[in-house]
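Here, each number is a calculation from the coordinates, and none is a lab measurement. Only a predicted model underlies this, so the values are computations on that prediction, with no experimental measurement involved. Please note: Cβ atoms are built from the backbone with ideal geometry, for glycine as well, and neighbour counts cover all protein chains shown.
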Amino acid sequence: MSVGVPDLLGAPPGGAGLEGGGSARTPAQLFWARLRRDRAAMVALAVVALLVLAALLAPLLVSVLGLPGPDARDPDALDAFGTPAGPSAAHPFGVDDFGRDVLSRTIYGARVSLLIGIVGTALAVVLGVALGLVAGWYRGWLDTLLQGLVDVMLSFPVLLLGLGIASACTFGEGCAGGLIQPGLRTVLLVVVAVGWTVVARVVRGQVLALREREFVDAARASGASDRRILIGEILPNLLPTVIVYSSVMIPQTILLEAALSFLGVGVSPSTPSWGSMIADAAPNFDTQWWYMLFPGLALLVTVMAFNVLGDGVQDALDPTTRR
């Protein structure tokens, strides 16, 4: 009974959605065919895939490149005054003030950024979709409460709100009576806390429109429960919107993590992170440019790749938005 996702993934008029044999393409096949025609999106997808592989295989990659571990210190890379050396054959990206290899730490830093970006976005989207579904379907006081909470959350700048939450969890005994300690869990908490609001508002608006559609009336008439209608009928129609917002949120989440780490309230200082590496390099950028340049470039390439891929995903899901 579900109508699937016809608005965004349906076959275009004139039979363009049919394959050579006359069989109709599935929504996934249409999406992939449209995405493949976007060269920039495919390049971005390849970059993202390489970044994910580098993060997952960081220990193996560092070993293959003959690099020391991210916490290994090389006293020989520092001069008599403790000043780190620049890029060399032994250390292609140079070393930091402690003699740690910058390339090795940059590779391991991808783990933090991608973990926070992908997992944090997924958690925020799941929470936002769940709350948006409930508020849009049941309306009443639940909808009023959700909209009020969303308005309050959105009235604060994202970085300021995230900084406040992270600071509360970083200093003292942590959050929730010490249950959430400073580090990755704190950053994930911040990402979820500031990321679910927009998703919930968008999903709530979609549900308010979909609940009046004929296929929902038919499901009600057949005796389907609210849960079955929400999960089996309405949720599939929300997937294109959710996918688009997820692809947009990932680079924003990566930047938020980098900003929090740069400000000293992100992951633990002992954990390689692009944001914390940039913060450590900032005071001596004029003489130790390599320490800021390479993690900064990694952050730039990652965010740009996800942004371009997100644009391609949006165009593939909804060709009417093609620029």
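The length gained by stretching the chain between Gln29 and Leu142 to full extension, at 0.36 nm per residue less their Cα-Cα distance, is 36.9 nm. Structure remark: mean-square fluctuation, Gaussian network model of the chain, C-alpha springs under 10 Å; the largest value among Ser268, Ser104, Ser88 belongs to Ser88. Over the chain, Cα pairs under 8 Å with separation of 6+ residues give a relative contact order of 26 percent. Each of Val207, Val102 was scored by other Cβ atoms within 10 Å of its Cβ. Arranged with the fewest first, they read Val207, Val102.
Taking the fewest neighbouring Cβ atoms within 10 Å as the starting point, the ordered list for Met153, Met304, Met277 is Met304, Met153, Met277.
Dipole magnitude for the stretch 205-254: about 120 debye, using +1 per Lys or Arg Cβ and -1 per Asp or Glu Cβ, origin at the Cα centre.
With N as its number of residues, the chain has a Cα radius of gyration that, divided by 2.2 N^0.38 Å, comes to 1.19.
The slack between Val119 and Ala90, meaning 0.36 nm per residue of separation minus the straight C-alpha distance, is 7.0 nm. Looking at the stretch 84-160, the trypsin sites (Lys or Arg not before Pro) that sit in a DSSP loop and have at most 16 other Cβ atoms within 10 Å of their own Cβ are Arg139.
Using the alpha carbons alone, the radius of gyration of the stretch 206-323 stands to its Kirkwood radius in an Rg to Rh ratio of 1.24. Between Leu65 and Arg37, the modelled label-to-label distance comes to 3.8 nm, taking each label 7 Å out from Cα in the direction of the beta carbon.
Looking at Val126, Ala46, Leu239, which one has the Cα that reaches farthest to the positive end of the dipole of the chain (charges on Cβ: Lys, Arg +1; Asp, Glu -1)? Positive-most Cα among the choices belongs to Leu239. All alpha carbon pair distances within the stretch 16-160 were sorted into 5 Å bins beginning at 0; the resulting P(r) in whole percents reads 2, 8, 10, 10, 10, 10, 11, 11, 10, 7, 6, 4, 2, 1, 0, 0.
Is the shape of the stretch 264-311 rounded, prolate or oblate, going by the alpha carbon gyration tensor and its root eigenvalues a ≥ b ≥ c, with a/c under 1.5 for rounded and a/b larger than b/c for prolate? Cα axes put the stretch 264-311 in the oblate bin.
Against the chain, whose longest principal axis is taken from its Cα atoms, helix 184-210 shows a tilt of about 20°. Helix 158-170 axis versus longest C-alpha principal axis of the chain: approximately 60°, rounded to the nearest ten. Neighbour counts of C-beta atoms inside 10 Å place Ile278, Ile231 in the sequence Ile231, Ile278, starting with the fewest.
Using Cβ point charges alone (K and R +1, D and E -1), the dipole size of the chain about the Cα centre works out to roughly 1000 debye.
Would you work out the charge dipole size for the stretch 20-124 about its Cα centre, treating the Cβ of every Lys and Arg as +1 and the Cβ of every Asp and Glu as -1, and quote it to the nearest 20 debye? Working shown, then result.
Working: 9 positive and 8 negative charges, 200 e Å.
Magnitude of the dipole: close to 960 debye.
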